[in-house]
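The values are calculated or read from the model by the stated rules, or taken from the named source; none is laboratory data. A quick note: this is a predicted structure, and the numbers were derived from the prediction, not measured. Counting neighbours? That spans all protein chains shown, and the Cβs are built from the backbone with ideal geometry, glycine included.
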Amino acid sequence: MTEFPIYSRSDPDGTTARAPSAVPVDDVVLPFEVSALDLRGRLVRLGPALDDILGKHNYPAPVAKLLGEAIILTALLGSSLKFDGRFILQTQTDGPVSLIVVDFAAPDRMRGYARYDAAQLVAGQDSAALLGRGHLAMTIDQGPDMNRYQGLVALDGGTLEDAAHEYFLRSEQIPTRVRLAVGEELRSGDGPRHAWRGGGMLLQFLPKAAGRARMPDLDPGDAPDGHVGDTTTEDDAWVEGQSLIATVEDVELIDTDLSGERLLYRLFHERGVRVFATRPARAQCSCSRDAVAAMLASFPREDRVEMVENGRVVVTCEFCSTVYAFTPQEAGAED
């Protein structure tokens, strides 16, 4: 991986450093490292790609914002895949937004959609209230000849950030912190319009000595009275890393005038931060007419016959809203 050290107050390995770029870049994933604290992470900035995905549907603003956060989280996690697979994030809950599906196909393709009940939407609901209670599934699909890996975490009235922290605590056992932010900006051009943009940061503590990354044992929930829980203390480097990422404000993650490198410099310049080559992230659905035709062919013939309306079988992609129309003959649905 090509590396580009950012200028820091101390550079113990003697690497030639440079000042952080002042040029903001959208639709990229920027990996970074703070070696003095054994921290590695990724910074995601999405502009047109996020607006493209959200613009495929006429979502109410709170629903679009929540789906945007899920897309940012998926980009942070999916961009770590080292093979041509898929990372799929899915929520199923009892909240107003009952279903979210975001699909990241390595190395850079994203799509996503949300299902919601407009009757349950109430002004002022935050992301936690929109999600409600249920579960979050994170699936890694390595291809047709490989087993899938799936991790589940409960959604119990918290945010996607909370769920991500719980997932890494229980499933990966890697000290991790995540920040997500999504907002609208007013763009000019052919008349003013609102456009979505988002940003996120993932920070992980990955020391060479595994014992330093040990986290407190989970509360068993049925300990007897007087039981003293795990007294493991967090490593000082990780305490510092958490304190630093906690200072990141939403506006910094989505600011069109603040480059990702400058944001990282603000946070970590005293310790020294190194960035690596950016990776693109783009909105692209994987649907096609051939794929939809194959899907129709998997249904029993009688089901396909029932799909015929006004002399056509019409299928709309839930991700990108593309409409595919077939004659009954093409769909194998002739009487």
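Considering only the stretch 254-275, I want to know if a residue exists there that is in the same structural domain as Gly68 (by TED's automatic domain parsing) and among the polar types (S, T, N, Q). Yes, the conditions are met somewhere in the stretch 254-275. Only one entry in Asp126, Asp94 is in contact with a strand residue (DSSP E or B) (Cβ under 6 Å, 6 or more places away or on another chain), under 22 Å from Lys65 (Cβ atoms) and surrounded by fewer than 14 Cβ atoms within 10 Å (Cβ to Cβ), namely Asp94.
Hey, does the stretch 173-186 have a residue that's of a type in the set (Val, Ile, Thr), assigned by TED's automatic domain parsing to the domain that holds Ala75 and either assigned to a helix (DSSP H, G or I) or closer than 18 Å to Gln90 by Cα (or both)?
Within the stretch 173-186, one or more residues are of a type in the set (Val, Ile, Thr), assigned by TED's automatic domain parsing to the domain that holds Ala75 and either assigned to a helix (DSSP H, G or I) or closer than 18 Å to Gln90 by Cα (or both).
Of the residues Gly199, Gly134, the single one that is within 14 Å of the chain's Cα centre (by Cα) and either buried (at least 18 other Cβ atoms within 10 Å of the Cβ) or in the same structural domain as Ala213 (by TED's automatic domain parsing) (or both) is Gly199. Of all residues in the stretch 127-156, those that are assigned to a loop (DSSP other than H, G, I, E, B), more than 18 Å from Val63 (Cβ to Cβ) and small (Gly, Ala, Ser) total 1.
Assess whether Gly241 counts as being in contact with a helix residue (DSSP H, G or I) (Cβ under 6 Å, 6 or more places away or on another chain), of a type in the set (Gly, Ala, Ser) and either at pLDDT below 95 or in a helix (DSSP H, G or I) (or both).
Yes.
Scanning the stretch 160-190 for residues that are among the polar types (S, T, N, Q) and in contact (Cβ under 8 Å) with a residue 40 or more places away in the chain returns a single hit, Gln173.
Applying the condition of being of a type in the set (D, E, K, R) and modelled with pLDDT under 90 to the stretch 156-184 and asking which residue is farthest from Val273 (Cα to Cα) yields Arg170.
Under 30 Å from Val44 (Cβ atoms) and at pLDDT 95 or above: does that describe Ala283? Against the criterion (under 30 Å from Val44 (Cβ atoms) and at pLDDT 95 or above), Ala283 qualifies. A search for C-beta distances below 9 Å between a residue of the stretch 41-55 that is among the aromatic types (Phe, Trp, Tyr) and any residue that is assigned to a strand (DSSP E or B), counting only pairs 6+ apart in sequence or on different chains, returns nothing.
Per-residue answers, yes or no, for (1) surrounded by fewer than 17 Cβ atoms within 10 Å (Cβ to Cβ); (2) of a type in the set (A, V, I, L, M); (3) farther than 16 Å from Leu77 by Cα:
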site	(1), (2), (3)
Ala105	no, yes, no
Ala114	no, yes, yes
Gly143	yes, no, yes
Val182	no, yes, yes
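One residue is enough: does the stretch 107-118 have a residue meeting the conditions free of Cβ contacts under 8 Å to residues at least 12 places away in the same chain and either within 21 Å of Ala49 (Cβ to Cβ) or of a type in the set (A, V, I, L, M) (or both)?
no
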